[in-house]
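Participant: Quick one: the structure is below, questions incoming.
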Amino acid sequence: MERLLSVKDIQERYQCNAATARKYIRQMMHIESPLMVTESAVAAWEKRKMIAPDWMIRERLRRAK
């Protein structure tokens, strides 16, 4: 069974306050009561938030031509 992360775990991971941690969790697939999220849901959320560096975007555009 996959590990569940609490609001406190998310606070520690992102160095944020409890309100921000709850906001982040609610942007993910989560359990509402108690408010918790799986490690895989956190990984998927982080992946969606990742942005490629400018040089990589330019390289992709150059190759597409």
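Just so you know, all these numbers are worked out from the coordinates, no wet-lab data involved. These numbers come from a predicted model, not from an experiment. For neighbour counting, all protein chains shown are included, and Cβ atoms are generated from backbone atoms with ideal geometry for every residue, glycine included.
Participant: Mind checking which of Ala21, Ala43, Ala52 has the largest fluctuation in a GNM of the chain, springs on alpha carbons under 10 Å?
Facilitator: It is Ala52.
Participant: Hey, fewest Cβ within 10 Å first, where do Arg13, Arg48 land in order? Could the numbers behind the result be given before it?
Facilitator: Values: Arg13 13, Arg48 9.
Result, fewest neighbours first: Arg48, Arg13.
Participant: Go through Ile57, Trp45, Ile25 and say which Cα lies farthest out towards the positive end of the charge dipole of the chain; charges sit on Cβ, +1 for Lys and Arg, -1 for Asp and Glu.
Facilitator: About the Cα centre, the residue reaching furthest to the positive side is Ile57.
Participant: Under a point spin-label approximation (7 Å from Cα along Cα-to-Cβ), what is the Ala18-Glu32 distance to one decimal in nm?
Facilitator: It works out to 2.0 nm between the two label points.
Participant: Place a point 7 Å from the Cα of Met56 along the Cα-to-Cβ direction; which residues of the range 1-16 have their backbone N under 13 Å from it?
Facilitator: Within reach of a label on Met56: no residues.
Participant: Does anyone have the angle between helix 39-49 and the longest principal axis of the chain? Alpha-carbon axes, 0 to 90°, nearest 10?
Facilitator: Taking Cα atoms only, the helix is inclined about 40 degrees.
Participant: Between beta-carbons, use under 15 Å as the cut-off and find the net charge around Ala43, counting Lys and Arg +1, Asp and Glu -1. Write out the running numbers ahead of the final one.
Facilitator: Values: positive: Arg3, Arg13, Lys47, Arg48, Lys49; negative: Glu2, Asp9, Glu39, Glu46.
Residues close to Ala43 contribute a combined charge of +1.
Participant: Further, regarding this structure: Just to check I understand the Karplus step: with θ = phi - 60° and J = 6.51 cos²θ - 1.76 cosθ + 1.60, what whole-Hz values come out for the range 4-12, glycine and proline as x?
Facilitator: Going residue by residue, I get 9, 10, 8, 4, 4, 4, 5, 4, 5 Hz, with x marking Gly and Pro.
Participant: Oh, and also: Roughly how big is the range 4-64's charge dipole about its Cα centre, with Cβ charges of +1 (Lys, Arg) and -1 (Asp, Glu), in debye to the nearest 20?
Facilitator: Values: 12 positive and 7 negative charges, 76 e Å.
It comes to approximately 360 debye.
Participant: Using the per-residue mean of other Cβ atoms lying within 10 Å as a proxy for protection, in what order, highest first, do the peptides 54-62, 3-11 fall?
Facilitator: Values: 54-62: 9.7, 3-11: 15.8.
By packing density, highest mean first, the sequence is 3-11, 54-62.
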